[in-house]
1. Search the range 165-184 for residues that are under 13 Å from Gln137 (Cβ atoms) and in a loop (DSSP other than H, G, I, E, B) and pair each with any residue that is among the β-branched types (Val, Ile, Thr) and more than 9 Å from the ligand (Cβ to nearest atom) when their beta-carbon atoms are under 6 Å apart and the residues are at least 6 apart or on different chains.
2. Please work out which one of (1) among the aliphatic types (A, V, I, L, M); (2) within 21 Å of Leu194 (Cβ to Cβ); (3) touching a Ser or Thr at 6+ places or on another chain (Cβ under 7 Å) is the condition Val108 fails and give its number.
3. Restricting the search to the range 28-56, which residues are assigned to a helix (DSSP H, G or I) and within 16 Å of the ligand (Cβ to nearest atom)?
4. Are any of the residues in the range 88-106 surrounded by fewer than 23 Cβ atoms within 10 Å (Cβ to Cβ), aromatic (Phe, Trp, Tyr) and without any contact (Cβ under 8 Å) to a residue 60 or more places away in the chain?
5. Quick one: which residue in Val25, Val21 is over 23 Å from His172 (Cβ atoms), in contact with a Phe, Trp or Tyr (Cβ under 9 Å, 6 or more places away or on another chain), in a helix (DSSP H, G or I) and not basic (Lys, Arg)?
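Computed from the coordinates by the stated procedures, all read-outs in this text should not be read as laboratory data. Keep in mind that what you see is a predicted model, and the values were worked out from it rather than measured. Positions of Cβ are generated from backbone atoms using ideal geometry, with glycine treated the same way; all protein chains shown enter the neighbour counts.
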Amino acid sequence: MEGVVKYDLTFSKSKALKASVIVPVESCRARLYAMGLIGAYPDGIGYGNISRRRRGEHFVITGTQTGHLPRLTPRHYALVEACDDRSFCLQASGAARPSSEALTHGTVYGLSPEIRAVIHIHSMALWRFMLSGEYLQTANVEYGTIEMIEEVIRIYSDTDPLSNPIFAMAGHEEGIICFGRDMDEAERVLYGLLADYLQQ
Ligand SMILES: [Zn+2]
């Protein structure tokens, strides 16, 4: 189930991140929220999350259970400082705990040092469109599992990640991940998919 943190988190609560760090994430998030690509289901469970690489393997990510909020502040973000998707361990700090899907973001950053922004959205229409088309997709495995991590690595084993930076998560209903060299690029990748969907 979404919203359940499956990895082993070492979290040190600290003061909120600097506002300047989250500005590019937040402006993108506001647009995706307005389109319902980030939000919450009627049962209150949030979906969708965004992250941005800082330096090295550090990245900032929206906090867990923030999907229902139209706007976030630095208090709603976490800084991931180390991420080991093999042992399922994640180390983070900030005023909020990181999204339950932070480990998957870490796996995507591990594909290339050039990847500096990752967006995870939910959309039944776009997800079905991708699964029935010529888009990259994971096998039918659950999110937050070692199988999902292996699938992300597998689909990019013979594809340059930045040449095809979007995939559907077949075993994670409605789940889509895209990424780019910066936040704008990742957001444009998503709008490219939206344009393809609208023109079908
Ligand atoms: Zn999801």
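1. Correct list of pairs: Met169/Thr138; Ala170/Thr138; Gly171/Val141.
2. (3)
3. Arg29, Leu32, Tyr33
4. No, because not a single residue in the range 88-106 is surrounded by fewer than 23 Cβ atoms within 10 Å (Cβ to Cβ), aromatic (Phe, Trp, Tyr) and without any contact (Cβ under 8 Å) to a residue 60 or more places away in the chain.
5. From the options Val25, Val21, the qualifying one is Val21.
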